[in-house]
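As structure tokens, the structure follows; a few thoughts come after it.
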Amino acid sequence: MGDSKFLIAGNWKMNKTIAEAKEFAAKFRGMMPDDGDGVAIVAPFTQLQALKEAFSGTKVMIGAQNVHYEASGAYTGEISVKMLKELGVDCCVIGHSERRQYFNETDEALNKKLRVLLDSGITPILCVGEPLEVREKNEQMGFVGGQLFEDLKGLDPLDVRKIVIAYEPIWAIGTGKTATPEQADDMCGFIHSIVAGYCGDEAAAGLKVLYGGSMKPGNAEQLLRQEGIHGGLIGGASLSPESFCDICDIAAKLNRE
């Protein structure tokens with residue numbers, strides 16, 4: 001995961017062609033701080049090989065947006081861990097709220113996906129977070145705690161500390177709304193305490209908990225200065241090399257303080 005105490009992961013979602021990904025890489029590579037340490041680009045499957053080549057020789061990690069828990073078989077349209085390993089993929093986002101909502105991704109399936117990713121050495125970036133109606137009832141801790149309980153069930157505590165967890169308040173994704181720094185820090189700190197309770201304080205000491213929910217250059221520093229936040233899962237702002245680099249610059253500056 002590099003030496004940076006922050007991880008800034010750009011989630012491109014279903015955006016960019018291979019040509020556009022290469023254009024982004026050429027621009028970003030010329031601007032990025034610290035040789036890309038603590039930076040990940042999570043892209044559609046079609047772009048992964050081109051991005052691995054474009055960022056060869058740097059510390060930028062390349063991530064996939066999903067994986068299937070079976071090694072092979074009659075799962076049309078799915079991608080296996082072995083296929084990702086062949087491309088040299090470094091990390092993989094699973095459980096994004098859009099996957100949970102639109103593709104009925106369950107906590108049971110995510111538990112299986114965590115196991116195959118951990119076995120393969122690909123770093124899982126597990127997303128958790130509550131919808132607006134849960135937040136309005138002030139039940140967000142119980143909701144997110146329940147997700148983590150199911151997602152991490154039965155995993156070896158020494159493996160759990162290898163997982164990156166991204167807190168994404170669903171009501172702040174693509175809406176322009178952002179959790180206040182205090183709201184985000186409270187939940188990220190809660191997530192860390194849940195994991196520490198599962199695998200012990202020492203094992204959880206290096207756990208990275210990211211905030212994902214409309215982080216952009218204008219609010220990144222305030223969010224990243226919170227004690228419980230160790231990076232960001234960036235959506236819209238990661239599509240522009242300039243705005244994504246601005247966020248990476250802020251994290252690099254804070255890392256040096």
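Summed over the range 201-212, the residues that are under 16 Å from L126 (Cα atoms) and not in a helix (DSSP H, G or I) give a count of 7.
Please find, among A21, A64, A74, the residue that is over 20 Å from K162 (Cβ atoms) and touching a helix residue (DSSP H, G or I) at 6+ places or on another chain (Cβ under 6 Å). Please lay out each step first, then the result.
On the way: A64 fails: over 20 Å from K162 (Cβ atoms); A74 fails: touching a helix residue (DSSP H, G or I) at 6+ places or on another chain (Cβ under 6 Å).
One residue alone meets the criteria, A21.
Scan the range 153-178 for residues that are more than 16 Å from the chain's Cα centre (by Cα), in a loop (DSSP other than H, G, I, E, B) and under 24 Å from A64 (Cα atoms) and report the count.
Initial filter on the range 153-178 (more than 16 Å from the chain's Cα centre (by Cα)): 153-159, 171, 175-178.
Filter once more, so that each one left must be in a loop (DSSP other than H, G, I, E, B): 153-156, 175-178.
If we keep only those that are under 24 Å from A64 (Cα atoms) too, we end up with 153, 155-156, 175.
Residues meeting the conditions: 4.
The residue of the range 183-207 that is nearest to G38 (Cα to Cα), among those that are among the acidic types (D, E) and touching a residue at least 24 places away in the same chain (Cβ under 8 Å), is D185.
Out of the residues in the range 80-102 meeting the condition of being outside any strand (DSSP E or B) and aliphatic (A, V, I, L, M), tell me which one is surrounded by the most Cβ atoms within 10 Å (Cβ to Cβ).
First pass over the range 80-102, keeping only residues outside any strand (DSSP E or B): 80-90, 95-102.
Keeping just the survivors that are aliphatic (A, V, I, L, M) gives 81, 83-84, 87, 89.
On the way: V81: 23, M83: 17, L84: 24, L87: 15, V89: 27.
The residue in question is V89.
Scanning the range 11-27 for residues that are hydrophobic (A, V, I, L, M, F, W, C) and either part of a loop (DSSP other than H, G, I, E, B) or at pLDDT below 95 (or both) yields W12, M14.
Scanning the range 67-89 for residues that are more than 12 Å from L117 (Cα to Cα) and within 18 Å of the chain's Cα centre (by Cα) returns a single hit, G88.
Does I41 qualify as being under 19 Å from L207 (Cα atoms) and among the β-branched types (V, I, T)?
Values: under 19 Å from L207 (Cα atoms): no; among the β-branched types (V, I, T): yes.
So I41 fails the test.
List the residue pairs whose Cβ atoms are under 9 Å apart, where the first residue sits in the range 208-226 and is touching a residue at least 40 places away in the same chain (Cβ under 8 Å) and over 17 Å from K177 (Cβ atoms), the second is in a loop (DSSP other than H, G, I, E, B) and of a type in the set (G, A, S), and the two are 6 or more positions apart or on different chains. Final answer for the pair search is V209/G228.
Can you work out which of the residues in the range 154-200 that are charged (D, E, K, R) and over 20 Å from G121 (Cβ atoms) is surrounded by the fewest Cβ atoms within 10 Å (Cβ to Cβ)? Going through the qualifying residues, I end up with E182.
The values are calculated or read from the model by the stated rules, or taken from the named source; none is laboratory data. All figures in this text were calculated on a predicted structure; none of them were measured in a lab. Positions of Cβ are backbone-derived with ideal geometry, glycine not excepted, and every protein chain shown enters the neighbour counts.
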